Amino acid sequence: MTSRQRAMGVTLVLFALALTSTSVMAGPCEDNYGATGIPLVTGISFSSYQDFSKVDPATALKRMARMVKNEGYTGVKVNAAKGTIVAYQETSGSGRAQTLKVAAKTQGNGTRAVANFSVQAGQVAEDRAVRKGLCKIIRAAGG
């Protein structure tokens, strides 16, 4: 076996390990994640959701509101009657805020936690960072 063949074998093993570790880390929130819009041309909306059995919407909402505040969002408004949270984040220095909307709704015997993060036309956000942030907020619903 040549050194080139060994290197190719090592590369394939590392690639397979990376794929395995990614799928192990993925969960329902990551599986439900998606984005719509055209970067820099239109606004982009990132969203995801996850269902939590045996968690009531009021408890899920309180947990997610606490996480939203911990993540540094501003103008956090919780509407317990509607089961929603609206908050803002301004990271570009332009004064144009990005909007986070979170909801906790009854789903079967539990709650569906939904989060949507929107950036305005001309703004961009790193997909990987948004996915991680949204799922962190959504997972807070489960405790």
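The values are calculated or read from the model by the stated rules, or taken from the named source; none is laboratory data. This structure is a prediction, so every number in the text was calculated from the model and none was measured. Every residue, glycine as well, gets a Cβ built from its backbone with ideal geometry; the counts of neighbours run over all protein chains shown.
For segment 42-58, a residue qualifies if it is surrounded by 16 or more Cβ atoms within 10 Å (Cβ to Cβ) and assigned to a helix (DSSP H, G or I), and exactly one does: Pro57. If you filter segment 75-110 down to residues that are in a loop (DSSP other than H, G, I, E, B) and of a type in the set (A, V, I, L, M), you find that the one that is modelled with the lowest pLDDT is Ala97.
Being part of a helix (DSSP H, G or I) and over 11 Å from the mean Cα position of the chain (by Cα) is the filter here; which residues of segment 111-143 pass it?
Within segment 111-143, the first condition is being part of a helix (DSSP H, G or I), and the residues that meet it are 127-140.
The answer is Ala140, and nothing else.
Here Phe15 clears all of (1) in the same structural domain as Ile85 (by TED's automatic domain parsing); (2) assigned to a helix (DSSP H, G or I); (3) at pLDDT below 95 except the condition numbered (1). Can you say whether Glu30 is surrounded by 15 or more Cβ atoms within 10 Å (Cβ to Cβ), closer than 30 Å to Gly122 by Cβ and at pLDDT 80 or above, as far as the supplied structure shows? So Glu30 fits the description; yes.
Considering the conditions (1) under 18 Å from Arg139 (Cβ atoms); (2) polar (S, T, N, Q); (3) in contact with a Leu (Cβ under 9 Å, 6 or more places away or on another chain), Asn70 is excluded by exactly one of them, (3).
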